[in-house]
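A short write-up of the structure that comes next.
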Amino acid sequence: MADIFDLTGRKAIVTGGSKGIGAAIVRALDRAGATVAIADLDVMTAQSVVAELKNGGFAVEIDVTKRESVEHAFNLAVEGLGGFDLLCANAGVSTMKPAIDITDEEWDFNFDVNARGVFLANQIATRRWLAEGTKGVIVNTASLAAKVGAPLLAHYSASKFAVFGWTQSLARELAPKGIRVNCVCPGFVKTSMQEREIVWEAELRGMTPEAVRAEYVTMTPLGRIEEPEDVADVVVFLASDASRFMTGQGINITGGVRMD
Ligand SMILES: NC(=O)c1ccc[n+]([C@@H]2O[C@H](COP(=O)([O-])OP(=O)(O)OC[C@H]3O[C@@H](n4cnc5c(N)ncnc54)[C@H](O)[C@@H]3O)[C@@H](O)[C@H]2O)c1
């Protein structure tokens with residue numbers, strides 16, 4: 001029987017693939033047989049991740065908030081890959097503040113990277129695929145905060161609800177063309193983003209970082225902090241033929257924090 005999780009021959013672009021969840025997605029896609037181009041602001045770190053990959057790969061500089069940058073980076077990536085049929089729009093940022101203190105700049109920063117960044121990457125990829133007739137697959141990185149509001153992260157949560165709404169709408173439009181669009185909704189994942197958030201949250205709530213981390217574990221039925229690989233393996237599933245009849249989904253990967 002053919003391995004329905006096998007991604008051999010698939011050509012992927014992963015935004016925000018230099019670190020954290022994105023780097024784990026890159027490594028997991030590579031292990032599953034895909035060739036990957038990492039598109040990230042931090043191209044030096046992207047190059048060091050590419051150097052580890054068994055199928056080779058590419059690193060391109062991108063700012064996902066700027067249309068010209070996404071178009072340029074995707075053109076370079078597709079040239080290097082010799083094609084393109086899988087997009088993981090994963091780049092994201094967060095800041096933490098009580099809702100009443102969020103500034104216009106913080107609101108825009110979160111929306112520019114998290115919502116506009118996904119919109120631009122998805123639109124530029126699908127324009128290409130529709131022109132070529134490619135039946136591509138998109139996996140966006142949303143969040144637990146795309147399903148339920150998050151204290152101190154109202155702007156971030158709003159930007160991730162936008163990602164989920166966009167994902168569902170695009171999935172409905174593109175289903176007749178055979179293009180699938182899903183998103184993953186991770187919980188409390190051990191990355192540099194989480195390290196920053198734990199320090200901010202501890203400060204804002206008058207707790208120690210250790211107490212904040214312990215609270216994340218207590219809130220998680222499966223009883224540990226999430227690893228980037230926990231997310232990446234589900235992305236491989238969503239990229240593969242094993243999920244061929246799934247589109248418009250927001251898959252919770254939260255150790256049971258969210259159960260619908
Ligand atoms: N860590 C968590 O607990 C968690 C939970 C749910 C969802 N997420 C989401 O997962 C994704 C990855 O988060 P992470 O925790 O790995 O974060 P991270 O900060 O460790 O890595 C983010 C990556 O995105 C890149 N990036 C940031 N802004 C960019 C831009 N404008 N253009 C291109 N690249 C840019 C960074 O250089 C970095 O490589 C994000 O969308 C985040 O919102 C994270």
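The values are calculated or read from the model by the stated rules, or taken from the named source; none is laboratory data. Treat the numbers as computed from the prediction; the structure is a model and nothing was measured. Note: ideal-geometry Cβ built from the backbone for every residue, glycine included; neighbour counts use all protein chains shown.
Check whether at least one residue in segment 158-177 is within 15 Å of the chain's Cα centre (by Cα) and more than 27 Å from residue 104 (Cβ to Cβ), and report yes or no. No, segment 158-177 contains no residue that is within 15 Å of the chain's Cα centre (by Cα) and more than 27 Å from residue 104 (Cβ to Cβ).
Under the condition of being over 24 Å from residue 185 (Cα atoms), of a type outside the set (A, V, I, L, M) and part of a helix (DSSP H, G or I), the residues counted in segment 99-120 number 3. Residues being of a type in the set (A, V, I, L, M) and more than 13 Å from the ligand (Cβ to nearest atom) are represented in segment 150-158 by at least one member. Residues being on the phi < 0 side of the Ramachandran plot, within 16 Å of the ligand (Cβ to nearest atom), assigned by TED's automatic domain parsing to the domain that holds residue 243 and not β-branched (Val, Ile, Thr) are represented in segment 167-183 by at least one member. Exactly one residue out of 56, 82 is more than 10 Å from the ligand (Cβ to nearest atom) and closer than 24 Å to residue 122 by Cβ, and it is 82.
Mind listing just one residue for me: the one in segment 114-153 that is among the polar types (S, T, N, Q) and in contact with a strand residue (DSSP E or B) (Cβ under 8 Å, 6 or more places away or on another chain) and, of those, surrounded by the fewest Cβ atoms within 10 Å (Cβ to Cβ)? Step through it out loud before you land on a result.
Applying the first criterion (among the polar types (S, T, N, Q)) to segment 114-153 yields 114, 122-123, 126, 134, 140-141, 143.
Restricting the remaining residues to those that are in contact with a strand residue (DSSP E or B) (Cβ under 8 Å, 6 or more places away or on another chain) gives 122, 126, 140-141, 143.
Details: 122: 22, 126: 20, 140: 31, 141: 27, 143: 28.
So, considering only residues that are among the polar types (S, T, N, Q) and in contact with a strand residue (DSSP E or B) (Cβ under 8 Å, 6 or more places away or on another chain), the one surrounded by the fewest Cβ atoms within 10 Å (Cβ to Cβ) is 126.
Yes or no: segment 117-129 includes at least one residue that is in contact (Cβ under 8 Å) with a residue 24 or more places away in the chain and over 23 Å from residue 65 (Cα atoms).
Looking for residues that are in contact (Cβ under 8 Å) with a residue 24 or more places away in the chain and over 23 Å from residue 65 (Cα atoms), one finds none in segment 117-129, hence no.
Of all residues in segment 126-145, exactly one satisfies the criterion of being part of a helix (DSSP H, G or I) and touching a Pro at 6+ places or on another chain (Cβ under 7 Å), namely 144.
Just to be sure before I move on: is residue 163 surrounded by 17 or more Cβ atoms within 10 Å (Cβ to Cβ), part of a helix (DSSP H, G or I) and touching a strand residue (DSSP E or B) at 6+ places or on another chain (Cβ under 7 Å) in the structure I sent? Yes. If the condition is being touching a Gly at 6+ places or on another chain (Cβ under 8 Å) and more than 14 Å from the ligand (Cβ to nearest atom), then segment 135-149 contributes only 135. Could you please let me know if residue 22 is within 13 Å of the ligand (Cβ to nearest atom) and under 27 Å from residue 244 (Cβ atoms)? The answer is yes for residue 22. Evaluation of residue 148 against the conditions (1) closer than 19 Å to residue 102 by Cβ; (2) aliphatic (A, V, I, L, M); (3) not assigned by TED's automatic domain parsing to the domain that holds residue 94; (4) not in a helix (DSSP H, G or I) shows that the sole unmet condition is (3).
Among residues of segment 91-104 that are in contact (Cβ under 8 Å) with a residue 60 or more places away in the chain, those with a beta-carbon under 7 Å from a residue that is more than 16 Å from the ligand (Cβ to nearest atom) at least six positions away or on a different chain give the pairs 96/204. Taken over segment 160-193, residues that are without any contact (Cβ under 8 Å) to a residue 24 or more places away in the chain and in contact with a helix residue (DSSP H, G or I) (Cβ under 8 Å, 6 or more places away or on another chain) amount to 1. Report whether or not residue 202 is over 30 Å from residue 6 (Cβ atoms), at pLDDT 95 or above and of a type in the set (Gly, Ala, Ser). For residue 202, the condition - over 30 Å from residue 6 (Cβ atoms), at pLDDT 95 or above and of a type in the set (Gly, Ala, Ser) - is met. Counting the residues of segment 184-207 that are near the ligand (Cβ under 10 Å from one of its atoms) and part of a loop (DSSP other than H, G, I, E, B) gives 4.
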